[in-house]
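These notes are about the structure you will find just below.
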């Protein structure tokens, strides 16, 4: 997708065709199979966390909610650490109400392949998932942990067994609280021909998926092919963009990922989950505009190209 793809004539025409086609698909009442549920579009605060000590977004939550409300988003996907303080539910609930911005869910992760860390991770899950539910959050984007970041290491069958065992326990906590766990990928889950992800799916076959489409690209996986292959399990998306040189663009739509083709694949699978913008910038990148403006541009890109 070219730098101005989100406002290009080509994208607009393709989007218009999709909208016209979608009218027939949504003509039924909300109780009929033909009715299409609205896709909720939110954002993840990683780009704020990246500038904070220990990636703690707690001190900047007021700015995050204000910026995301300004950008026209439907909700916020929190980071689980934001729900660890004892007063988190009250404080975040107040921000949600003030800015009329829902809490969609939260990201969560840990070295689940390491049995020595299971109890610590499980205790954390047992604390933050009920708090998420109290705020109305219904999704848990879960990362299973890399053996070593930046190296294409394959987990052993024993490590994959441990990973799956803990995932099943966390899924049980989620179900008790009305939350749906989805597997959120970075590169390590999908490198080596999806070794890590396929290992998890072989052990927990019905788990839902929440792919990060840009991490798929960086892991050597075609996001369009992935969507078509695993569409029945995809309930969540992370959206980001990058340029031809592989560096992240400042906003979604300013890079060269083919989101027009991605939109086509999402329509083919009748995607009806949540789509979350997660901006990220390379180390040393200098912003050319406030983050809220990049979020607003990204939101408009999702509306124009994906139709959400």
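The values are calculated or read from the model by the stated rules, or taken from the named source; none is laboratory data. Please read all numbers here as calculations on a predicted model, not as lab measurements. With ideal geometry, Cβ positions are generated from the backbone for all residues, glycine too; neighbour counts draw on all protein chains shown.
Values for this structure:
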{"quantity": "Filter result for residue 104 (buried (at least 20 other Cβ atoms within 10 Å of the Cβ), touching a strand residue (DSSP E or B) at 6+ places or on another chain (Cβ under 8 Å) and free of Cβ contacts under 8 Å to residues at least 24 places away in the same chain)", "calculated": "no"}
{"quantity": "Boolean, residue 286 is under 24 Å from residue 180 (Cα atoms) and surrounded by fewer than 19 Cβ atoms within 10 Å (Cβ to Cβ)", "calculated": "no"}
{"quantity": "Exclusive hit being surrounded by fewer than 23 Cβ atoms within 10 Å (Cβ to Cβ), assigned to a strand (DSSP E or B) and at pLDDT 95 or above, set 265, 275, 280, 261", "calculated": "275"}
{"quantity": "Pair list, Cβ < 8 Å and 6+ apart or interchain, from segment 139-158 residues that are modelled with pLDDT under 95 to residues that are outside any loop (DSSP other than H, G, I, E, B)", "calculated": "147/159; 152/191; 152/192; 154/192; 154/195; 154/196"}
{"quantity": "Selection count where residues are surrounded by fewer than 21 Cβ atoms within 10 Å (Cβ to Cβ) and more than 17 Å from the chain's Cα centre (by Cα), scope segment 72-87", "calculated": "5"}
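Yes/no per residue for (1) more than 28 Å from residue 260 (Cα to Cα); (2) touching a strand residue (DSSP E or B) at 6+ places or on another chain (Cβ under 9 Å); (3) modelled with pLDDT of 95 or more:
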| site | (1), (2), (3) |
| --- | --- |
| 171 | yes, yes, yes |
| 176 | yes, no, yes |
| 190 | no, no, yes |
| 202 | yes, no, yes |
| 213 | no, yes, yes |
| 216 | no, no, yes |
| 228 | no, no, yes |
